[in-house]
1. Counting other C-beta atoms within 10 Å, and keeping those with at most 13, which DSSP coil trypsin sites (Lys or Arg not before Pro) do you find in region B:1-80?
2. For chain B, what is the largest minus smallest coordinate of the Cα atoms on each principal axis, given in angstrom and ordered from greatest to least?
3. Rounded to the nearest 5, what is the percent of antiparallel bridges among the DSSP beta bridges in region B:111-243?
4. Given R₀ = 30 Å, what would the calculated FRET efficiency be for B:ARG207 paired with B:GLU42, taking r from the Cβ atoms and rounding to 0.05?
5. Looking at region B:144-185, which trypsin sites (Lys or Arg not before Pro) are DSSP coil and have at most 16 other C-beta atoms within 10 Å of their C-beta?
6. Check the straight Cα-Cα distances from A:LYS85 and name the lysines below 25 Å, setting aside those fewer than 8 residues away within the same chain.
7. Cβ under 11 Å from B:ALA209's Cβ, B:ALA209 left aside: what net charge do those residues give with Lys, Arg +1 and Asp, Glu -1?
8. Across the Cα atoms of the protein assembly as shown, what radius of gyration and what greatest pairwise Cα-Cα distance (Dmax) are found, in Å?
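Rule-based calculations on the coordinates, nothing more; no lab input. All values derive from a computational prediction rather than experimental measurement. Ideal geometry is used to build each Cβ from the backbone, glycine not excepted, and the neighbour counts take in all protein chains shown.
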Amino acid sequence: MTSHCAEPIRPTDQYRASSRLLSRRVTGGSLVCVPAQSAYQDVRVLRLDAIATAVVAMTREPRTIAAIAAALTDQTERDAHDGQKLHAEIASLVAGLAAARVLEHC
Amino acid sequence: MIAAPSRLATIAAYGLANAPPLPIVHTLPTPAWEELLAGIDEQRLSGLVLDAVARGDAILRDDQYAAVRAVAEHAMTAALRLESLLLVVQRVLEERDLEFRALKGPSCAHLDYAAPEHRSFVDVDILVRGDQFDAVADALVAAGLARRFDEPRPGFTARFGKGVCFTAPTGLEVDVHRALTAGPFGLAGDTEVLWQRSDAFLLGERRVACLAREERAVAAAVHACLGSAEPRLVPLRDVAQILHRGIDEERLVGIATELGVASVLARAILLARTRLGLTAPLPCEAWALGYTPSSRERRMLRAYTGADRTYAGQMLTGALAVKGTGARAAYLRALAFPSRNYLAARDAGYGRRVRRAARLASGHHASLDGNADVGER
């Protein structure tokens, strides 16, 4: 998933999961969508993998990308090098989720 | 002797107290597996199968697991699209101060099942008040939904009908109910009993009003028992599921009696117990066993459960349940002499319609195309 947003992500930016999100757990992740605004609009249902699902779950409260990456590093017991790589991956993932309106910039 | 439950029925019972053991599936030859998979899909049981695998209660081959997983994800994608539409409907009706209660799928999935993934659905059903029915229909049409069927006469559905199906531009459907069923059991009682209290479930950040638990059990029983000549498994599971969640039996029977569907509730409880192969009685089963339907109730039940079940036949039998001579005359007049638009969609003319009605009334059930305004799925 690639962000359509040209704005660079700042380390202090916080994100939270959309409170409007509809979701279902599925094997290895979840399906989510942002509800439509009218009967004419269909929704785009996204399949999130386990990591993206974890990101959505931990952003019920606003978090920075650094905080998300740190929490995931702890969860996955990665070393410092892997942690840096994970941070970059999470930044990209968060940008994608924000572009899909699954996460909101706050 | 009670027949052993089918493979699909034992899957439908999975997770209930006193459910029979699941069938052994991983050794099934391909044709038998493909038939079972088609049934799992058609009866919407994929969520229960995946739950059984996750808990170690069922074993599937990798290819079987992948197939069920694909079916389940397709079903859950549909459920999310439908829940989104339900929220649109809620906003449209709230803007006009129109009340509704969500029925069946979404409310059962969120309130009665262990996880919403275990219960899928293919449309949205809502209950509205008869005196608000036409206003609700106008609001939905203004919001872009198309009414699928005309009514025999203006105001007929609001007074006598089960409801109407609306289709969104996305192809998704909303069934708007005035009553829980068409025909005599939709006319036998007072639907006001369904409005005296409510539950709610959360969709995103929105609370969606739905029937309270005992009312949901009665609605599930009506759907299970009258929705199709051969009861479908998920509605039967809904009945057992809600009863097992803990219900006030006196309230349950009282609601069914007030709605005029006590015989339907009794039948649904007994059907759920036997079809799902449960090895111990369901709550309220003693009452159901002791319930003796009257000859009138038996006649009404036959309109739904007979092999020659037709919507037209149910509507004709509905005259039995309409209260008051004036109301009955209005009901029969609307059915015998509907509007030209209604007639054009179904019959070539009044003469053909009268002949069809006469055949029905005399018990010669010709093949009829009577479209139920609200489908049963």
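1. B:ARG55, B:ARG61
2. So the extents along the principal axes, rounded to whole Å, are 60, 49, 43.
3. Values: 12 of 16 bridges.
Taking every DSSP beta bridge within region B:111-243, about 75 percent pair in antiparallel fashion.
4. Here the calculated transfer efficiency is 0.40.
5. On the way: sites: B:ARG147, B:ARG148, B:ARG159, B:LYS162, B:ARG178; in loops: B:ARG148, B:LYS162, B:ARG178.
Taking region B:144-185 and a limit of 16 other Cβ atoms within 10 Å, the loop trypsin sites (Lys or Arg not before Pro) found are B:ARG148.
6. A:LYS85 reaches no qualifying lysines.
7. Numbers: positive: B:ARG101, B:ARG197, B:ARG206, B:ARG207; negative: B:GLU94, B:GLU99, B:ASP199.
Result for the neighbourhood of B:ALA209: +1.
8. Rg then Dmax for the protein assembly as shown, in Å: 25.0, 85.
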